[in-house]
1. Filtering the range 359-383 down to residues that are at pLDDT 80 or above, out of contact with any strand residue (DSSP E or B) (no Cβ under 6 Å at 6 or more places or on another chain) and more than 15 Å from Gly430 (Cβ to Cβ), which residue is least open to solvent (accessible area, probe 1.4 Å)?
2. Applying the selection to the range 384-403, what residues are open to solvent by less than 50 Å² (accessible area, probe 1.4 Å) and at pLDDT below 85?
3. Out of the residues in the range 114-144 meeting the condition of being among the small types (Gly, Ala, Ser) and under 19 Å from Val38 (Cβ atoms), tell me which one is most open to solvent (accessible area, probe 1.4 Å).
4. Looking only at the range 34-53, decide whether some residue is exposed (fewer than 12 other Cβ atoms within 10 Å of the Cβ) and of a type in the set (Gly, Ala, Ser).
5. Counting only residues that are over 24 Å from Ala141 (Cβ atoms) and among the hydrophobic types (A, V, I, L, M, F, W, C), which one in the range 79-113 is most open to solvent (accessible area, probe 1.4 Å)?
6. Would you check which residues across the range 282-308 are buried (at least 19 other Cβ atoms within 10 Å of the Cβ) and free of Cβ contacts under 8 Å to residues at least 24 places away in the same chain and list them?
7. Can you tell me which condition Ser195 does not meet? The list is (1) at pLDDT 80 or above; (2) within 35 Å of the chain's Cα centre (by Cα), and all the others hold.
Amino acid sequence: MVIGLVIHGSHRAAFEDAARTLAGVNLEWVVYAHEDEVDVRVDDLLARRRVDGLLLGPVPYAKCRHLLPADLPVAVLRSAGLDLALALFRASAQGWRPIPVSIDTYDAQTVDEVVRALDLDPSQVSCLPYDREQSVAETVAFHREALARTGGEYVISLRTAVAAQLRDETRVLGGLPGPATLRAQLHELALRVQSKRASALRFAAGVFLVGRTAGPSGPRLDLDRARVGLLNLLLNTPEFGDAWIENRDRRGVVVLAHQALFEQATGSWVGLPALRQAHETLGIKVAAGFGVGASARSCVHLAERAATRAEQEESPSAYLIEDGGVIIGPMSAAGASVAFTYREHGAELERLAGEVGLSAATLSRLAAIERAQMGRAISPSDLARQLGITDPSGRRLIRKLGDSGLVEVEGSTQVHRRGRPARLYRLRIGPAIGRS
């Protein structure tokens, strides 16, 4: 396993110390001296080495996010409340007044929690949450204004470029995450990579069914001839080159492969171009179903159920059913976005939905979105877009989930230069279903 670490040169010793307990992982170091170097250095890493995961801070992530493959597990390093509390204790240990103080990069909720826990006056603490549109100069100006207004003796900054500009004017404490935080996030990323690998290697099956007629009112097909044409089409489709393909019955073909092969062929369960090719070149309507389970028998059984469901659609389409109850579909022949994603309602999900005050269908779709995010945070507006609801409804939903402990704050992002930053949240529905 190869994990890339994107860090400032002054932080390398701390990361090396945290990584000592990580066995079986090769680290690729991307070390920069200035923020403007990040995108070039990350681009070079991705070009010369295949990495399984990437760990980097919020500033490097903002600089290079446009370069990162969509399927690459990425962990954005966040300083925990413990790290901020330790920085405040270091100030006291050096004889400085802990407040007034100005703090950048930490999200407002973390700062509020630490200030309350240490029984400090919140009016004496100025906080500037991280915003990827905010320049170093603007962050420096925030600290200078706070120092002039409050008479503070020091500032806390997680940005090395900001600290470099302020060191000649005031004391600066770095808020770099401590070894425990670094170690925990490195281990969490390694586990995510392992989980992704295990998921990709799960056994899977696909069942392709030829429609009985050329169209809703068209002539009946020669099913044997249509099936042979479909079989040859799939055998000559590069995405299915490593799969086992054979006849299933008079109008069907079965494909056996690892889950990763089907994910690639469908663009992560979004669309299946082979359906369009069958319609255009063979003049047949094909319905496809995919199944992911613990054995070949269960995979084929699930794929048959999914294909039967796909046959009910008017146009060529496909569905996925997993043994855990996840259903994704319909996938179109043109590769359009998934219309809906949900989970069959088991007793645990039904019970949790009742406790939260949501319908089981809504909670199951949220669980599917969480799964697709692969640990990445999401904004209320993005969540609303994926659910097909309004932004205000998305914010109300986030609040309801927060009241039940099903989301946690993961910083903020600034979509537009003006206006308040949007909070980011990490969904925690899957673990809650397991506990239930």
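The values are calculated or read from the model by the stated rules, or taken from the named source; none is laboratory data. Owing to the predicted nature of the structure, the values given are computational and were not obtained by experimental measurement. We place every Cβ from the backbone using ideal geometry, glycine too, and count neighbours over all the protein chains shown. For accessibility, only protein heavy atoms count, side chains too; no ligands or nucleic acids. Shrake-Rupley method; radii C 1.70, N 1.55, O 1.52, S 1.80 Å.
1. Looking at the filtered set, the residue picked out is Leu383.
2. If the condition is that a residue be open to solvent by less than 50 Å² (accessible area, probe 1.4 Å) and at pLDDT below 85, then Ala384, Leu387, Ser393, Gly394 are the ones that fit.
3. Residue satisfying both the conditions and the ranking: Ala137.
4. Yes, because at least one residue in the range 34-53 is exposed (fewer than 12 other Cβ atoms within 10 Å of the Cβ) and of a type in the set (Gly, Ala, Ser).
5. Step by step, filter the range 79-113, then rank; the result is Phe89.
6. none
7. Answer for Ser195: the failing condition is (1).
Yes or no, residue by residue, for (1) under 24 Å from Thr308 (Cβ atoms); (2) modelled with pLDDT under 80:
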residue	(1), (2)
Val172	no, no
Leu176	no, yes
Gly211	yes, no
Pro219	yes, yes
Leu230	yes, no
